[in-house]
Amino acid sequence: MSKPFASLSVAIVGAGPAGFYTAQALADLAPDARIDIIDRLPTPFGLIRYGVAPDHQETKKIQELFESIALLPQIDFVGNIEIGKDITLAELRECYDAVVLAYGVPHDAELGIPGEALPGVYGAARFVGWYNGHPDQADLRPRLGKPGAIVIGNGNVAIDIARLLSKSQAELEHSDIAPYALEQIGRAAPGDVHIVGRRGPAQAKFTTDELTELGRLEQAVAVVDAEDIPARLDDGLSMKDKRIKTRNLECFRAYAQSDPAGRSRRIHFRFYLRPHAILGNDCVEGVRFERVAVSDGGSAGTGEMLDIPCSTVISAIGYRACALNGVELSTAGNCLRNDEGRIDSGLYVVGWLRRGPSGKIGTNRADGESVAQRIQQEVEPGRLAGRAGLERLVRARSLSPVDFPGWKRIETFERANAPTAAVRRKVTRISEMLDVSRALPT
């Protein structure tokens, strides 16, 4: 029989999927607990709002589940409070019986090649944040235009970027892409996009749905060199992986038959190429790649170089975590050191920050459930002030938190000010978000 802990207080740092799934699991285990989901932004939902592609509105509907979680009586959203800046992690731990870190891995992994600092080079997190209206990236103003863009990476993020750069304005009118991004992409006419990876089509991490979507674009055609497509898959694959990769190769074979002149723009899949240097003097002019030979699961450079001209380089090769005071990064740097979700007494971690950037949105549910169970087993409830302690710090420092009703006022404003076909017109400035969140209904 599990022990009761009616007075348990938990702070979850990060209002993305991992944070909400954890809150839901805790609420199920401890119906009388008090759970605060704290985020540095005035808006909840994390990567659902700022990471999922703006033209994938079906995926964003998971927000409806998270909203239902936020409305549970024992859960509160506390936005516009940055842990590590406004309030230290140590101070937060002095307020709550348990603290769960769920703020994700926000920084781009570096390519580590010459020319990476040139104007026109962007990490995927920054670029995706830009077209999704993230306040941190609203002023990015990426350098776009002909001869086109190179996206380095063989995952769905790379496809999302290539697709958004290749769609017409009419195709994006039902999305929630940031208006400044829609205008700049349309004006710049970015040209061809190259998706480049160091391994082959069978090793790429694309999902079949993402791949096939590129075959339905109005003004862009996906193309691939038929010689890059293997005749058969390697042995030893699971039935699931074999099924997915077989469908992907069928899709690539169809694209190998595409007419490159059939549309005004092209999305080129380029395989077996490793970035060697970014070319240019004052700005990006191209990327030099080294051809790679793949065998026995490994890869090695051949010494043969290929230059691809471009005006924009977007690196989608992974993400890095950042650590708050008192916690350590893993050796790989893409998550925090932890023991099955536990960092220290009363301190836990979930989501990408726990295991690294992998899996789908729903993968975070299991993380939340397992950490909630550990909290139930390990944490003595009722020791600390909980929300009352947080409120004392907020008042002492004249902070301006945004609650869930405040967020709903922002959302209502965004929907009311959207163009006719669009889902919403995102507010991209925190100062404006705060003004809207405080406005009384008329």
ask   = Within region 308-327, restricting attention to residues that are open to solvent by 70 Å² or more (accessible area, probe 1.4 Å) and more than 22 Å from the chain's Cα centre (by Cα), which residue is modelled with the highest pLDDT?
value = Pro309
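Looking at region 252-266, is at least one residue at negative phi, within 27 Å of the chain's Cα centre (by Cα) and assigned to a helix (DSSP H, G or I)?
In the first step, residues of region 252-266 are kept if they are at negative phi; the result is 252-266.
Checking the rest, the ones that are also within 27 Å of the chain's Cα centre (by Cα) come to 252, 265-266.
Narrowing further to those that are assigned to a helix (DSSP H, G or I): 252.
The answer is yes; a qualifying residue exists.
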query = Only one of (1) of a type outside the set (Lys, Arg); (2) at pLDDT 95 or above; (3) more than 29 Å from the chain's Cα centre (by Cα); (4) outside any loop (DSSP other than H, G, I, E, B) is not met by Gln376, so which one is it?
reply = (2)
note = Going through (1) open to solvent by 10 Å² or more (accessible area, probe 1.4 Å); (2) within 21 Å of the chain's Cα centre (by Cα); (3) on the phi > 0 side of the Ramachandran plot; (4) not acidic (Asp, Glu) one by one, Ala189 fails only at (2)
Residue in region 408-415 that is aliphatic (A, V, I, L, M) and closer than 24 Å to Glu58 by Cβ present = yes
key: Residue check, Val105 part of a loop (DSSP other than H, G, I, E, B), among the β-branched types (Val, Ile, Thr) and within 23 Å of Arg355 (Cα to Cα)   = yes
task = For Leu72, work out the one condition from (1) out of contact with any Phe, Trp or Tyr (no Cβ under 7 Å at 6 or more places or on another chain); (2) touching a residue at least 60 places away in the same chain (Cβ under 8 Å) it doesn't fulfil.
result = (2)
request  = Go through region 245-268 residue by residue and tally those that are closer than 17 Å to Ala162 by Cα and either surrounded by fewer than 16 Cβ atoms within 10 Å (Cβ to Cβ) or of a type in the set (D, E, K, R) (or both).
outcome  = 5
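Run down Ile177, Ile150, Ile159 and say which single residue is touching a residue at least 40 places away in the same chain (Cβ under 8 Å), buried (at least 21 other Cβ atoms within 10 Å of the Cβ) and in a strand (DSSP E or B).
On the way: Ile177 fails: in a strand (DSSP E or B); Ile159 fails: in a strand (DSSP E or B).
After applying the criteria, what remains is Ile150.
So that you can scan it fast, the table gives a plain yes or no per residue for (1) under 30 Å from the mean Cα position of the chain (by Cα); (2) surrounded by 14 or more Cβ atoms within 10 Å (Cβ to Cβ):
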site	(1), (2)
Leu217	yes, yes
Val223	yes, yes
Asp235	no, no
Arg243	yes, no
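If I filter region 292-307 down to residues being assigned to a strand (DSSP E or B) and open to solvent by 60 Å² or more (accessible area, probe 1.4 Å), which single residue comes out as nearest to Ala204 (Cα to Cα)?
Taking region 292-307 first, the residues assigned to a strand (DSSP E or B) are 292-295, 298-307.
Still in the list and also open to solvent by 60 Å² or more (accessible area, probe 1.4 Å): 295, 302, 304-305, 307.
Numbers: Ser295: 15, Thr302: 20, Glu304: 22, Met305: 22, Asp307: 22 Å.
In this case the residue turns out to be Ser295.
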query = Just wondering, is there one or more residues in region 327-345 that are in contact with an Asp or Glu (Cβ under 6 Å, 6 or more places away or on another chain), farther than 24 Å from Ser68 by Cα, of a type in the set (A, V, I, L, M, F, W, C) and in contact (Cβ under 8 Å) with a residue 24 or more places away in the chain?
reply = no
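The values are calculated or read from the model by the stated rules, or taken from the named source; none is laboratory data. Here the structure is a predicted model, which is why all the values come from computation and not from measurement. Don't worry about glycine lacking a Cβ; one is built from the backbone with ideal geometry, like all the others, and counts go over all protein chains shown. Accessible surface areas use protein heavy atoms only, side chains included; no ligands, DNA or RNA. Shrake-Rupley method; radii C 1.70, N 1.55, O 1.52, S 1.80 Å.
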